[in-house]
Amino acid sequence: MTGCYDFCGHYEWTFEWLRQHGGHALVTAYWDEAINRDSQVHAHTLITAKGFEGMKEYWGPTLADEGAVSHRTVTDTVFRIDMHECPSKGFLLRNGLEQYTDYCDHCMGWIGPMMKDAGFVVDHQHNHCGQCWWEMRRAEDATPPSGPGELSGAEDVRLRPGWLRDAPMDTYQRATKADDKTTA
């Protein structure tokens, strides 16, 4: 399997190249078409067909293979990922690579449309420092996202010392696309 270090610098450069040559709409179309509907079609197929079970089947091995330091919490109504150290964003930070304005948005750019197709919505935050959390629920489930420590206990990334930094925090509520965010 190709690790994230083999492509993330080129990936991030590609996002900026697309933005310069076709604007934000081209970047978001790329995330949906090239990632969601092409390179990650296996994830789309699993999650659309199996819901939470498909999420477990996809993210369990994928996060491990990529070397992510993360924790998953799964109940009957929510699938949560606490990303303590994102391997690809960490690589970019360690190597001073910053071409595109918000590399982290590409995850919501392909995961959001996939979740919409599968009948789910996403609550998510990222701090631009390689840490984030995700909660996926069925679209008809109006439950708000959990508070710090409520769902994943001590593994909640929001309880880690480095969570709140000077970088802006991007927040998605019941989202299904990259543009569904607020920045604080």
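The values are calculated or read from the model by the stated rules, or taken from the named source; none is laboratory data. Note that this is a predicted model, so its numbers are computed, not measured. So basically every Cβ, Gly included, is an ideal-geometry build from the backbone, and we count neighbours across all protein chains shown.
Of the helices (runs of 4 or more DSSP H) lying entirely inside the stretch 1-90, those containing at least 2 residues that are more than 21 Å from residue 178 (Cα to Cα) and not aliphatic (A, V, I, L, M) are 52-66. Within the stretch 170-184, residues that are in contact (Cβ under 8 Å) with a residue 40 or more places away in the chain reach partners that are buried (at least 16 other Cβ atoms within 10 Å of the Cβ) and part of a loop (DSSP other than H, G, I, E, B) with beta carbons closer than 6 Å, at six or more positions or on different chains, in the pairs 172/180. For the stretch 82-92, state whether one or more residues are under 18 Å from residue 46 (Cα atoms) and among the aliphatic types (A, V, I, L, M). Scanning the stretch 82-92 turns up no residue that is under 18 Å from residue 46 (Cα atoms) and among the aliphatic types (A, V, I, L, M).
Within the stretch 82-99, being closer than 24 Å to residue 30 by Cα, of a type outside the set (A, V, I, L, M, F, W, C) and surrounded by 21 or more Cβ atoms within 10 Å (Cβ to Cβ) holds for 88, 89. Where strands (runs of 3 or more DSSP E) fall entirely within the stretch 117-184, those with at least 2 residues that are under 14 Å from the mean Cα position of the chain (by Cα) and among the aliphatic types (A, V, I, L, M) are at 120-126. Against the test of being of a type in the set (Phe, Trp, Tyr), modelled with pLDDT under 95 and either surrounded by fewer than 20 Cβ atoms within 10 Å (Cβ to Cβ) or under 24 Å from residue 45 (Cβ atoms) (or both), the options 134, 163 yield a single qualifying residue, 163. Among the residues of the stretch 174-184, those identified as within 17 Å of residue 127 (Cβ to Cβ) and loosely packed, with under 15 Cβ neighbours inside 10 Å are 182, 183, 184. Within the stretch 63-74, the set of residues being farther than 15 Å from residue 43 by Cβ, touching a residue at least 60 places away in the same chain (Cβ under 8 Å) and out of contact with any Leu (no Cβ under 6 Å at 6 or more places or on another chain) comprises 67, 71. Could you tell me whether any residue of the stretch 32-46 is surrounded by 13 or more Cβ atoms within 10 Å (Cβ to Cβ), out of contact with any Lys or Arg (no Cβ under 7 Å at 6 or more places or on another chain), more than 27 Å from residue 138 (Cα to Cα) and not β-branched (Val, Ile, Thr)? Looking for residues that are surrounded by 13 or more Cβ atoms within 10 Å (Cβ to Cβ), out of contact with any Lys or Arg (no Cβ under 7 Å at 6 or more places or on another chain), more than 27 Å from residue 138 (Cα to Cα) and not β-branched (Val, Ile, Thr), one finds none in the stretch 32-46, hence no.
Among what's in the stretch 47-74 and is closer than 15 Å to residue 137 by Cα and touching a Ser or Thr at 6+ places or on another chain (Cβ under 8 Å), pick the residue that is surrounded by the fewest Cβ atoms within 10 Å (Cβ to Cβ). Here the answer is 73. Give me the pairs: first residue in the stretch 13-35 and within 13 Å of residue 107 (Cα to Cα), second residue surrounded by 20 or more Cβ atoms within 10 Å (Cβ to Cβ) and of a type in the set (Val, Ile, Thr), beta-carbon distance under 6 Å, and six or more apart or on different chains, which are they? So the pair list comes out as 15/27.
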